[in-house]
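Inspection log for the structure reproduced underneath, given as structure tokens.
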Amino acid sequence: MLKIGEQVFQSRLLLGTGKYPSFEIQKEAVDVSGAEILTFAVRRMNIFEESQPNFLEQLDLTKYKLLPNTAGAKTAEEAVRIARLAKASGLCDMIKVEVIGCQKSLLPDPVETLKASEMLLEERFIVLPYTSDDVVLARRLEDLGVHAIMPGASPIGSGRGIINPLNLQLIIEQSRVPVIVDAGIGSPKDAAHAMELGADGVLLNTAVSGAKDPVKMASAMKLAIEAGRLGFEAGRISEKNYGVASSPLTGMVTS
Amino acid sequence: MTVMLNGKEVQIPDHIGSVQDLLTYYELHNRIVVVEVNAEIVLKEHYTSLGLSQGDRIEMIHFVGGG
């Protein structure tokens with residue numbers, strides 16, 4: 001069970017809705033993923049072109065919580081403007097604060113992210129900042145009162161998995177709010193890894209939408225996240241440098 | 001009347017007097033859309049009462065796929 005603010009979710013997978021090969025595949029992938037929280041971006045409508053179908057308008061909004069992002073913002077002020085627009089739809093009160101500080105690596109701008117989070121908390125948003133995996137920054141965000149911390153595993157869309165598991169572990173250990181590993185997940189192994197470290201959830205998009213079979217990958221991610229969580233709760237054995245036999249060392253048949 | 005709509009200068013017929021009229025004109029009245037006029041968000045309950053003026057900067061925003 002994942003609790004963000006006052007909202008409770010059964011699924012620990014948060015799914016992005018960008019870049020699927022088709023609407024049909026996207027619908028099926030969302031369905032099999034079991035995700036209850038879906039992310040969206042906020043953009044101008046293409047008023048002057050022929051109307052394109054809109055994924056959100058085809059969703060049963062009673063089944064999903066929307067998590068709009070502030071992607072495209074380079075400053076705190078831009079992020080706040082996008083967040084206000086999203087909230088004005090009347091469809092959501094959560095916001096993924098995403099302020100990119102480097103257009104090449106797409107890494108977040110920590111200073112603007114912190115500023116935007118503070119401003120949005122004052123406006124009573126449910127604030128989920130996408131941050132770098134810096135331990136002190138995560139604490140500073142938590143001190144502001146954000147509702148979840150979303151450190152990146154590696155750069156957005158890079159599929160490189162968890163670059164710094166130690167930092168992630170330290171963030172998870174110190175946090176009293178949910179930690180959702182966001183960005184950089186490439187395979188089910190990465191998602192399971194995040195969950196085994198004790199993350200409360202995983203947010204991913206490209207790993208599913210860009211897979212050869214997005215529907216199958218959505219299912220794989222669901223299982224990986226469940227397996228990783230169970231493994232974390234079960235408590236893994238410690239690592240050792242030498243072999244420790246699993247069979248009895250007495251009563252050997254050999255002479 | 002000429003307005004800036006989503007960054008583009010457009011000529012709209014004179015009978016369009018409100019945000020609601022504009023949404024209907026572009027067949028967007030049944031869509032999920034958020035409207036900003038001169039950088040201020042317009043609440044749905046003000047769609048019919050808020051008049052439009054020459055030179056207004058209007059943004060029509062929606063949700064698209066994203067991560």
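The values are calculated or read from the model by the stated rules, or taken from the named source; none is laboratory data. Note that this is a predicted model, so its numbers are computed, not measured. With ideal geometry, Cβ positions are generated from the backbone for all residues, glycine too; neighbour counts draw on all protein chains shown. Quick note on the areas: whole protein, heavy atoms, side chains included, nothing else; ligands and nucleic acids left out. Shrake-Rupley method; radii C 1.70, N 1.55, O 1.52, S 1.80 Å.
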Computed over the range B:2-62, Cα set: Rg, Dmax in Å = 10.3, 26
Placed amide H near B:S18: partners under 5 Å, 5+ positions off or other chain | B:L52
Size of electric dipole in the protein assembly as shown: Cβ of Lys, Arg +1 and of Asp, Glu -1, about Cα centre, debye, nearest 20 = 900 debye
Proximal charge balance of B:I61 [Cβ under 15 Å; K/R count +1, D/E count -1] = +4
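In the structure shown, do any of A:K19/B:K8; A:K115/A:K222; A:K96/A:K189; A:K96/A:K216 have a Cα-Cα gap over 28 Å, and if so which? Spell out each step's value before the answer.
On the way: A:K19/B:K8 26 Å; A:K115/A:K222 33 Å; A:K96/A:K189 25 Å; A:K96/A:K216 26 Å.
In this structure, A:K115/A:K222 exceed 28 Å between Cα atoms.
What is the mean number of Cβ atoms from other protein chains located within 10 Å of the Cβ atom of each residue in peptide B:34-47, rounded to a whole number? Present the calculation step by step, with values, prior to reporting the outcome.
On the way: counts 10, 3, 4, 0, 0, 1, 0, 5, 1, 2, 3, 0, 0, 0.
Partner-chain Cβ atoms within 10 Å, mean over residues of B:34-47: 2.
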Can you give me the P(r) profile for the range A:123-255? Cα pairs, bins 5 angstrom wide beginning at 0, each as a whole percent.
-> 2, 10, 18, 18, 15, 12, 8, 5, 3, 3, 2, 1, 1, 0, 0, 0
For A:K216 and A:D31, calculate 0.36 nm times their separation in residues minus their Cα-Cα distance, and state this gained length in nm to one decimal.
-> 65.5 nm
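Could you pull out the GluC sites (Glu not before Pro) across the range A:191-244 that fall in loop regions by DSSP (anything but H, G, I, E, B) with no more than 13 other Cβ atoms inside 10 Å? Working shown, then result.
Values: sites: A:E196, A:E226, A:E233, A:E239; in loops: A:E239.
Loop-located and lightly packed - A:E239.
Evaluate peptide A:44-54: per residue, the Cβ atoms of other protein chains within 10 Å of its Cβ; return the mean as an integer. Before the final figure, lay out the partial values.
Working: counts 9, 14, 4, 11, 5, 0, 0, 4, 1, 0, 7.
What the average comes to for A:44-54 is 5.
What trypsin sites (Lys or Arg not before Pro) in the range A:143-221 are in a loop by DSSP, with at most 16 other Cβ atoms within 10 Å of the Cβ? The partial results should precede the final answer.
Numbers: sites: A:R160, A:R176, A:K189, A:K212, A:K216; in loops: A:R160, A:R176, A:K212.
Answer by residue number: A:R160, A:R176, A:K212.
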Given +1 on the Cβ of Lys and Arg, -1 on the Cβ of Asp and Glu, and no further charges, what dipole in debye does chain B carry about its Cα centre, rounded to the nearest 20?
-> 160 debye
Under Karplus coefficients 6.51, -1.76 and 1.60, residue-wise ³J(HN,Hα) of the range A:57-63 in Hz, glycine/proline x | 6, 9, 8, 7, 6, 7, 8
Compute the separation of the alpha-carbon centres of the range A:16-82 and the range B:7-67 and state it in Å as a whole number.
-> 20 Å
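How much accessible area is lost when chains B and A come together, counting both sides, with a 1.4 Å probe, in Å² rounded to the nearest 100? If you can, show how the numbers build up before the last one.
On the way: alone 4730 and 14100 Å², together 16320 Å².
Answer for the B-A pair: about 2500 Å² buried.
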What is the distance, in nm, between label points placed 7 Å from the Cα along the Cα-to-Cβ direction at A:A245 and at A:R160?
-> 4.5 nm
Taking amide H positions as placed in the peptide plane 1.01 Å from N, state which residues far from A:L107 in sequence (5 or more) or on other chains have amide H under 5 Å from it.
-> A:G101, A:C102
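Rolling a 1.4 angstrom probe over the protein heavy atoms, how many square angstrom per residue are accessible across chain A? Can you show the working numbers first?
Working: 12850 Å² over 255 residues.
That works out to 50 Å² per residue.
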Once every DSSP H run of n ≥ 4 in chain A is given -39500 (n - 2.57) and the sum is divided by its residues, what mean residue ellipticity at 222 nm do you get, rounded to the nearest 500 deg cm²/dmol?
-> -11000 deg cm²/dmol
Report Rg (one decimal) and Dmax (nearest whole number) for chain A, counting Cα atoms only, units Å.
-> 20.0, 87
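In debye, nearest 20: dipole of the range A:55-142 around its Cα centre with unit charges on the Cβ of K, R (+) and D, E (-)?
So the dipole magnitude of the range A:55-142 works out to roughly 100 debye.
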Spin-label pair A:T62/A:M1, simplified geometry with 7 Å Cα→Cβ offset, distance in nm | 2.3 nm
Förster-model FRET efficiency, 45 Å R0, B:T48 and A:C102, C-beta, rounded to 0.05 = 0.50
